[in-house]
1. Return only the number of the condition from (1) in contact with a strand residue (DSSP E or B) (Cβ under 7 Å, 6 or more places away or on another chain); (2) closer than 28 Å to Ala377 by Cα; (3) acidic (Asp, Glu) that Asp183 does not satisfy.
2. Run Glu434 past the list (1) more than 20 Å from Tyr173 (Cα to Cα); (2) modelled with pLDDT of 95 or more; (3) of a type in the set (D, E, K, R) and report the number of the one that doesn't hold.
3. Give me the pairs: first residue in region 470-487 and in contact (Cβ under 8 Å) with a residue 12 or more places away in the chain, second residue basic (Lys, Arg) and more than 10 Å from the ligand (Cβ to nearest atom), beta-carbon distance under 7 Å, and six or more apart or on different chains, which are they?
4. So which residues in region 55-94 are open to solvent by 10 Å² or more (accessible area, probe 1.4 Å) and small (Gly, Ala, Ser)?
5. Please specify each residue of region 204-239 satisfying the condition of being closer than 19 Å to Leu153 by Cα and open to solvent by 10 Å² or more (accessible area, probe 1.4 Å).
6. Applying the selection to region 563-584, what residues are of a type in the set (S, T, N, Q) and either part of a strand (DSSP E or B) or near the ligand (Cβ under 10 Å from one of its atoms) (or both)?
7. Taking Asn322, is it touching a residue at least 40 places away in the same chain (Cβ under 8 Å) and away from the ligand (no atom under 14 Å from the Cβ)?
8. Tell me, yes or no, whether region 47-54 has at least one residue that is within 29 Å of Tyr297 (Cβ to Cβ) and either without any contact (Cβ under 8 Å) to a residue 24 or more places away in the chain or open to solvent by 80 Å² or more (accessible area, probe 1.4 Å) (or both).
Amino acid sequence: MTAPPPSRDELIPPDLRPGRELLEEGRRLARDWSVGRNAFLDEKGVACEADYKRRMAGEGRIMQHAHIGFRSVERTVTAIAEVHETCAKRGVGVDRFGITLDWSMGYPPEMRKGSRRGTGIVLDAPEDFARITNAAPAAAHFGDFMLGLPGALANAKGAIAAGATAIGNLGQYFTFRMPDWDDDVATTEATVTALGLIAAQPVEILVHSNLDDGFAGLFADMASALGMVIVEKHIVETLIGARASHCFGHHYTAPRVRMAFHRALTQVSDTPGTMMFGNTVSYKSTPAGNYASLASYLQADVWALARLNSGHAVNPVPVTENERIPDIDEIIDAQTFAARLAEHALASRDLVDLAPVDEMAGRLVEGGRLFASRLLAGLQEIGIDTSDAAELMLALRRIGPKRLEAAFGAGAPDPAAWSGRSSVALAEWVEELEHEARRWADAVPDLARLAISRSRLKVCVASSDVHEHGRNLIARTLSHLDVEVVDAGTSVDADDLVAVALDSGADVIAISTYNGIALRYAGEVKQTLARAGQRLPVCIGGRLNQVPDDTNSGLPVDVTADIEKLGVVPCATPAALVDVLSSLAARLAERSS
Ligand code: B12
């Protein structure tokens, strides 16, 4: 390990229960909680979605996935039925629905009441899960905020009883943190017990892992992301006895990259895939422009599946994704678009030169296997029992993507590189981030840049949730402007952020927020500063919206003006923060002159 390796004691607290014990407890629960039947299983005449996927793949069908979830159960149930029926009338088959649960579902049930809520749906009782799985004869996929969080066991029970046979999202275990919840031992124990319950079921349940929700959105080398597939399969399939089904896509833009990663994935896993997620980070334009991004990634996915149908469904993301939560007709349009595009793509697939795809897939597989073997050997070296699912998972979560990649990455050590190592296949988000940060820094007029550099300013940056790219972009841009960056981290509670900022003597607080809590979070930071008798400038950017408390649509609204009224600076781009730094530098220069 390049940095001093963390010790076993630093990573594994004595009170963590052995994985075998947790799995046994999960297995015992299977006596009372077993897979129920629902509209999808009955209409398709299958025991589980995996069997349906194998059958459809065998018939060469390009399956379709729709992500859906509004605040209320009622609205979500009618929306699922409406999307499925309207599409069916158009000859478009929606095979499965991904249910975007609210992040408060990550808490144990007893903690959800009165807890803060985001933009998603809350399912209180197992019956609620069954209402979803019977809304249409399509598979319900419970991914977000199920496994990997403290509410994992309760959620798994509800989904299993409702006949859901694809349950996720293992990726979130490694990166997601619930506000005001720091007990990752309890989170680990709940998740491993739930995985034991899943593995003991009489029918095959796909344990879904969205790599982009996990470390893949944070690894600089795509070979590390593929290596994580191998590590997660070791945990879920070898140590626990369930089936691991991997999804990727948010961060994969270039058609060659999507096709190569899919090819590489099928060479290290034969479990039917859940879905290839839409390339949502490329949605940076208007709906009309986003249709081009939709076509670009969907066409590549259809070409990949036409070559080897791994059971993954394609996921046409509505073109309003970068604005807010899409509405029903936008979901229907995206599904209709995908079905028609699949026909065109199947007709043009023979024009595609697969050599560059296979060349890249080969590098990813070789690099991924190297990363996985180095990682497991390296953890054994520091005394981690890599045959114990709980211990291995907690060690990975606590070490984190940056240290794992710096220590075990397939590339050669390189201190100038994002992860401290050169990459076998550099992740597109890193290239884009470096380019964007340089562009925003170079856009600052020389005089302002000089003043900022001379005034030795310090900015405390943080993100209020799992979204890191905005925060990383700001940190990188500031370092180009010779501003000292104090990193307060990701998914930080407002009071912890203010504490870090004051302790470090920061001059400004810069927040990146995306989960529809912008006004509430900005307010909490201001109140905490006021309680400490401090008046630091606070800047906030990202998605400045929030779901109004008194709403039934559940869709977030823009809160920029309300944030301004708090005396917090809303920032549409990094330029707004640079303006704050310029005026601060000018005031400091005046004072010292
Ligand atoms: C990438 C992404 C993810 C990744 C994040 C990976 C990572 N490690 O960062 C993953 C897959 C993990 C993810 C998860 C979720 N996501 Co998300 N995600 C996105 C996505 C596609 C891109 C956002 C992004 O990072 N862009 C890159 C940044 C650099 O670009 P930008 O936002 O345009 O930033 C510019 C400005 O805003 C500004 N800026 C940004 N921050 C700051 C800060 C300061 C101080 C300043 C000055 C400027 C500034 O600078 C940039 C250049 O101008 C957006 C959709 C979209 N296309 O925008 C959805 C989105 C943000 N996600 C969304 C949601 C709901 C979620 C989930 C809750 C979904 C779920 N149910 O699980 C979870 C979050 C769970 C959690 N625990 O927090 C919603 C938010 C809804 C809303 N508020 O209206 C969006 C809009 C998608 C949607 N339409 O539903 N997500």
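1. (1) is the only condition that Asp183 fails.
2. (2)
3. Going by the 7 Å Cβ cut-off, the qualifying pairs are His480/Arg438; Leu481/Arg449; Glu484/Lys458; Val486/Lys458.
4. Within region 55-94, Ala57, Gly58, Gly60, Ser72, Ala81, Ala88, Gly91, Gly93 meet the criteria.
5. Within region 204-239, Glu204, Glu237, Leu239 meet the criteria.
6. Of everything in region 563-584, just one residue is of a type in the set (S, T, N, Q) and either part of a strand (DSSP E or B) or near the ligand (Cβ under 10 Å from one of its atoms) (or both), namely Thr573.
7. In short, no.
8. Looking only at region 47-54, we keep the residues that are within 29 Å of Tyr297 (Cβ to Cβ), and these are 48-54.
Now narrow it down to the ones that are either without any contact (Cβ under 8 Å) to a residue 24 or more places away in the chain or open to solvent by 80 Å² or more (accessible area, probe 1.4 Å) (or both): 54.
Taking every residue of region 47-54 in turn, at least one turns out to be within 29 Å of Tyr297 (Cβ to Cβ) and either without any contact (Cβ under 8 Å) to a residue 24 or more places away in the chain or open to solvent by 80 Å² or more (accessible area, probe 1.4 Å) (or both).
The values are calculated or read from the model by the stated rules, or taken from the named source; none is laboratory data. Small disclaimer: the values here were computed from a predicted structure and weren't measured. Cβ sites come from the backbone with ideal geometry, for glycine too, and all protein chains shown count toward neighbours. Surface areas here come from the heavy atoms of the whole protein model, side chains and all, with no ligands, DNA or RNA. Shrake-Rupley method; radii C 1.70, N 1.55, O 1.52, S 1.80 Å.
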